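S.K.: Once you've had a glance at the structure underneath, I'll fire off some questions.
The values are calculated or read from the model by the stated rules, or taken from the named source; none is laboratory data. Everything quoted here is computed from the prediction, not taken from an experiment. Positions of Cβ are generated from backbone atoms using ideal geometry, with glycine treated the same way; all protein chains shown enter the neighbour counts. Accessible surface areas use protein heavy atoms only, side chains included; no ligands, DNA or RNA. Shrake-Rupley method; radii C 1.70, N 1.55, O 1.52, S 1.80 Å.
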Amino acid sequence: MSPRDVGRAQMYAAERLVFRMFERAGSARTVQIAGTELTLPTEALFGSVDSVRDYVSRVVSMPAVLERFPRSGVPVAVRSRGGFRSAEYRRVGGHAEIAIPDTREGRWALRELVVLHELAHHLDDGDGPAHGRGFVLTLTELVGTVLGPEAGFVYRVILAESGVR
């Protein structure tokens with residue numbers, strides 16, 4: 001039985017702030033956060049679950065990801081998910097999968113930050129709550145590794161200011 005995931009709502013609310021920051025960065029990609037001006041990377045938007053599958057495969061093959069996250073060597077499937085309200089990660093026995101909605105209403109999930117969130121669930125090798133401290137650290141480090149230190153900084157600041165521990 002998994003520990004109770006009491007940080008889930010707080011985590012999702014904080015991520016919505018991050019998503020809005022990326023969406024509103026404008027063409028110059030420059031933002032101010034915590035007294036620091038920085039340039040955000042452009043976030044990838046995907047056209048299909050197949051392109052998400054290819055992206056996940058490339059991310060888990062990155063030398064920095066392989067070195068830092070032991071679970072990057074564990075296969076993870078990516079599939080289309082029915083419905084449109086949520087993306088999800090499941091680990092059952094030795095099988096792991098990320099499910100991404102790809103209906104017209106679910107296209108919100110075909111973005112890099114959502115995919116990295118689900119992939120962080122896969123890479124988190126802790127036994128704490130699904131959105132607990134281990135996951136938060138994994139996600140922040142994964143975003144910083146894949147998108148760059150500026151994106152990792154944004155996650156650290158917004159999660160901390162939102163009370164996500």
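S.K.: Considering the dipole of the chain built from charges on the beta carbon (Lys and Arg +1, Asp and Glu -1) around the Cα centre, which of Tyr155, Ala25, Val114 is farthest to its positive end?
M.R.: After comparing all options, I get Val114.
S.K.: Can you list, largest first and rounded to whole Å, the semi-axes you get for the stretch 92-135 by taking the square root of 5 times each eigenvalue of its Cα gyration tensor?
M.R.: Each semi-axis is √(5λ); the values are 23, 13, 8 Å.
S.K.: Restricting to DSSP H runs of at least four residues, report the calculated mean residue ellipticity at 222 nm for the chain, -39500 (n - 2.57) per run over all residues, nearest 500 deg cm²/dmol.
M.R.: Calculated from helices alone, the mean residue ellipticity at 222 nm is -14000 deg cm²/dmol.
S.K.: Report the one residue of Phe69, Thr42, Tyr55 whose Cα lies farthest in the direction of the positive end of the charge dipole of the stretch 1-74 (charges on C-beta: Lys and Arg +1, Asp and Glu -1; origin at the Cα centre).
M.R.: The Cα lying farthest towards the positive end belongs to Phe69.
S.K.: Moving on to the next point. Which order do the peptides 142-150, 29-37 take when ranked by the mean count of other beta-carbon atoms within 10 Å per residue, highest first?
M.R.: In decreasing order of mean packing, 142-150, 29-37 become 142-150, 29-37.
S.K.: Report the rotationally averaged projected area of the chain based on its alpha-carbon convex hull, in square nanometres.
M.R.: Answer in nm², one decimal: 9.6.
S.K.: Relative to the Cα centre, what is the charge dipole magnitude of the stretch 1-100, using +1 at the beta carbon of each Lys and Arg, -1 at the beta carbon of each Asp and Glu, and rounding to the nearest 20 debye?
M.R.: Dipole about the Cα centre, nearest 20: 300 debye.
S.K.: Moving on to the next point. Once you charge only the Cβ atoms, +1 for Lys and Arg and -1 for Asp and Glu, what is the size of the charge dipole of the stretch 42-165 about its Cα centre, to the nearest 20 debye?
M.R.: For this selection, approximately 240 debye.
S.K.: Same structure, new question: Percent of accessible area on the stretch 88-165 owned by carbon and sulfur, 1.4 Å probe?
M.R.: Solvent-exposed carbon and sulfur of the stretch 88-165 make up 49 percent of the total.
S.K.: Okay, next question. Run the accessible area of the stretch 3-77 with a 1.4 Å probe and give the carbon-and-sulfur part as a rounded percent.
M.R.: 54 percent
S.K.: Tell me the per residue accessible area of the chain using a 1.4 Å probe; a whole number in Å² is fine.
M.R.: 52 Å²
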